[in-house]
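Bear in mind these aren't lab numbers, they're just calculated from the coordinates by the rules spelled out. Keep in mind it's a predicted model, so treat the numbers as computed, not measured. No Cβ is skipped: glycine too gets one built from the backbone with ideal geometry, and neighbour counts run over all protein chains shown.
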Amino acid sequence: MIRQKPADRKAARIRIGLLGRFALLAFALLAGVAGLAYWAVNDFSERQSAHFTARLAQERADSVAALAAEILSADPLGAERAGQQAAARFPDGAGMIASPGGEILAAWGSSQALLDGANAQAPILFGDLVLGEVRLAQQYEGASGFSSAESLRIVAQMAAVLALAMALIGLLVRHVTGPIRRLTQFAEQLSPQTLASRIMIRTGDELETLADSVNDMVGRLGESMRRVQQLAFIDAMTGLPNQERLRHDIDAAIDRRREDGGNCGLAIISFDRLARTVETLGRTGGDELIMALAQRLNDAVSSADANVRILESREHPAVLAKISESEFAVLLPSLGEESDFERFVQLIVAPFGRPFEHRETRVTLGCNVGAACLPRDAAEADLGLRHCRMALTAARNASQPMRFFTPSLDRAAIERLTLEREMRVAIEANQFRAHFQPKVCLRTGRIIGAEALARWNRPDGISVGPVRFIPLAEEAGMIGPIAEAVLRDACWKAAGWLREGLDMSVAVNVSAIQLGDDRFPALVRRLLDQSGLRPESLELEITESVAMDDPERAMRMVGPLRELGVRFAIDDFGTGHSSLAALTRLPFDVLKIDQSFVRCLSTDKQSVSIIETILALAVSLNFESVAEGVETELEAEFLRRRGCPVAQGYHYGKPMPPLEFLATLRAAEERRAQRIAL
Ligand code: C2E
Ligand code: MG
Ligand code: MG
């Protein structure tokens, strides 16, 4: 005998299951309708036969009465005796036939006597004659057709049967559709929060299979949701919450603090040079460094939290999140005092004085922190993060390790936004131009060149200096067009002076962002070509801090342009952290001594020594040197005696518009020519 496998049996049961339910439903429906029809037909035929019987009886009574009348006319006293049965007629038209014992054999009409029932007496009449008397032994219950009461009863009975049938059908329908309804409800109520729930349907049929499939599907969906949430809310590399997740946590903490009237603390920790260090270490090395950094930060946050918020730290621990390539953020969900938070942040950043050991390299990462107390400083997460960022920028600009948000920072930010908007318009309107400051040969006193310095010539006549707009332009990504405008001006003007016989070199400042832009060398080449300026007449100035920050990058950019003949200068020398090794490797031509040393010449002996050292260094490394910020003849004399070849400063002229510079140049040339003629 072949045994059916359990799976086959289940499949068979499932096939029969739903069919069986529908068959049962159909059977119940048919049975209900058939029963109703049978009862109605049966009842109807019974009543019809009773009706006919009554009519026959009436006719028979009439003939009995006629017979009695006949007998009466022949024998007035023998009429009653003559009939085995007696027929009675009532004055209201009703009548009956009764046996001699008084039992009603048939009746018609609805006379009161008939209806009164047993022991009522009815006269046997013929016209006005009373032939005798019938005594009724029972109540009349016959029917002679359908009375309205009977009709009502029939309708009520039919309604009852119908209601019963409907209830039965309803029950069955409910039984069949119930699981479907539950499935539908389950599907409707599904949400990301309920993806862990399951529906239990054990009907042993297709519905059970469907429910199992739905459960499988919901399980897979839940898993996918978890993955999506991970990707959306977790930083893939460190496993820390990301900015999106942090936003939720901040808003939740703010809501709780609103209830108890307290504040929570939010801080952004930004590691300077992290992105560049990661880039230098390569992919694997960079990832390892970031993971080590996140781990150290995480440990510091946990221990600082337990240290500062001894009790609350367990219920709502501090949240550490990674919010950008080089920024982390910490949320302290509750605060006692602002000073607690300051202490907390200090504890977090303290371990970063220690360098990271990475494959025989030691990496030290400095950081700045911008902090805010919420909801005091911002009513929601986005604003809180923005305010922390403002505080961070302020800390960075002031070279402070940490800064708390204050409303004045917000005002400054609004001013910055206004300035940014105006600058965009100014770029379109070509309002950024170069002014020129003379560079003088200390030996001959001749103007041998000029430094092009950016100016924003506003339509209201105000000329804005670069310190106001260059850092903002760099941050807002607008430095490109501004620098190009200055470089173009410088090349065209210097080429023009040359055509006039005034042999002049021109120096142009290059920002860190331009230095990192691969298109910069091509731009310089193009502008030289277009203006016709010899590359040797162009000098590009890179500040010491930018050049030393990434000497490799500086060399990559400087190399090809220098081959072309362009000269390079290290600007503001003495303020950065030049390593002698880097200095010898950098293919530069000029060292520009920072003006801060020149300014202190008369007051500070150290400045004298520094200038002397820089001049000696320049000679030994074969650099030309230029002293910046020369304001007095005394300073000029000092520099001349120490062998400084070139000077630049207000003593010789402030930065001026090109026409004014040309006039100054011509006047100086004329004076020189007159001196020679004498
Ligand atoms: P810098 O390149 O060191 O330029 C010298 C600055 O010192 C200029 O300020 C100049 O006006 C000022 N200066 C010159 N002689 C004297 C003096 O005797 N006394 C005093 N007190 N100051 C003197 P400025 O024009 O405000 O420029 C400031 C800085 O802005 C520049 O310093 C340079 O780093 C930057 N900069 C200017 N133009 C540009 C540009 O086109 N691109 C970039 N990236 N930076 C620029
Ligand atoms: Mg300069
Ligand atoms: Mg300078």
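Residue-wise HN-Hα couplings along the stretch 592-600, as the Karplus relation 6.51 cos²θ - 1.76 cosθ + 1.60 with θ = phi - 60° gives them from phi, are 9, 5, 4, 5, 4, 6, 5, 4, 9 Hz; Gly and Pro carry x. Annotation: amide H of residue 358 within the under-5 Å range of 363, sequence separation 5 or more or interchain, hydrogens built in the peptide plane. Exposure proxy shown here: for 593, 201, the number of other Cβ atoms within 10 Å sets the order, fewest to most, as 201, 593.
Can you sort 387, 316, 358 from fewest to most other Cβ atoms within 10 Å of each residue's own Cβ? Arranged by neighbour count, lowest to highest, 387, 316, 358 become 358, 316, 387. Residue-wise, which Karplus ³J(HN,Hα) couplings in Hz belong to the stretch 195-204, taking 6.51 cos²θ - 1.76 cosθ + 1.60, θ = phi - 60°, and x for glycine or proline? Ordered by residue, 3J(HN,Hα) equals 5, 8, 7, 9, 9, 10, 10, 10, 9, x Hz. Taking Cβ atoms as reference points and 13 Å as the exclusive limit, the residues near residue 629 contribute a net charge of -3, counting Lys and Arg as +1 and Asp and Glu as -1. For residue 376, the amide hydrogen comes within under 5 Å of the amide hydrogens of 264, counting only partners 5 or more places away or on other chains and with H modelled in the peptide plane.
Residues 373, 388, arranged from fewest to most other Cβ atoms within 10 angstrom of their Cβ, appear as 373, 388.
Mean sequence separation of contacting Cα pairs (under 8 Å, at least six apart), scaled by the length of the stretch 401-457, corresponds to a relative contact order of 28 percent. Placing a label point 7 Å from the Cα of residue 231 along the Cα-to-Cβ direction, the residues of the stretch 191-212 with a backbone N closer than 20 Å are 192-193, 195.
The order of the peptides 503-513, 202-212 by mean Cβ neighbours within 10 Å, most packed first, is 503-513, 202-212. Stretching the chain fully between residue 631 and residue 383 yields a gain of 84.6 nm (0.36 nm per residue, less the alpha carbon separation). In this structure, residue 525 and residue 273 have a Cβ-Cβ separation that, at R0 = 41 Å, corresponds to a calculated FRET efficiency of about 0.85. Based on the alpha-carbon gyration tensor of the stretch 406-459 and its eigenvalue square roots a ≥ b ≥ c, which shape applies: rounded if a/c is under 1.5, prolate if not and a/b is larger than b/c, or oblate? Taking the square roots of the gyration eigenvalues as a ≥ b ≥ c, the stretch 406-459 is oblate.
Available extension along the chain between residue 296 and residue 185 is 35.1 nm, counting 0.36 nm per residue and deducting the alpha carbon span. When you count the other C-beta atoms within 10 angstrom of each residue and take the mean per peptide, 459-471, 320-332 line up highest first as 320-332, 459-471. Database remark: amide H of residue 626 closer than 5 angstrom to the amide H of 591, 592, 593 (H placed geometrically; neighbours at sequence offset of 5 or more, or on other chains; Pro and chain starts carry no H).
The distance between label points at residue 410 and residue 347 comes to 3.0 nm (points 7 Å beyond Cα on the Cα→Cβ vector). Ordering 270-278, 450-458 by mean Cβ neighbour count within 10 Å, with the highest value first, yields 450-458, 270-278. Extension gain for residue 194 to residue 210 (0.36 nm times residue separation, less C-alpha to C-alpha distance): 3.9 nm. Judged by the gyration tensor of its Cα atoms, with axes a ≥ b ≥ c, the stretch 520-630 is prolate; a/c meets the 1.5 cut and a/b is the larger of a/b and b/c. Here the Karplus relation 6.51 cos²θ - 1.76 cosθ + 1.60, evaluated at θ = phi - 60°, turns the backbone of the stretch 334-343 into coupling constants of 8, 10, x, 10, 4, 5, 4, 5, 4, 5 Hz, with x for every Gly and Pro.
Projecting the Cα positions of 355, 385, 375 onto the charge dipole of the stretch 346-403 (unit charges on Cβ atoms of Lys, Arg, Asp and Glu, taken about the Cα centre) puts 355 furthest along the positive direction. Computed over the stretch 333-482, the P(r) curve from all C-alpha pair distances, binned at 10 Å from the origin, holds 9, 26, 23, 22, 15, 5, 1, 0 percent per bin.
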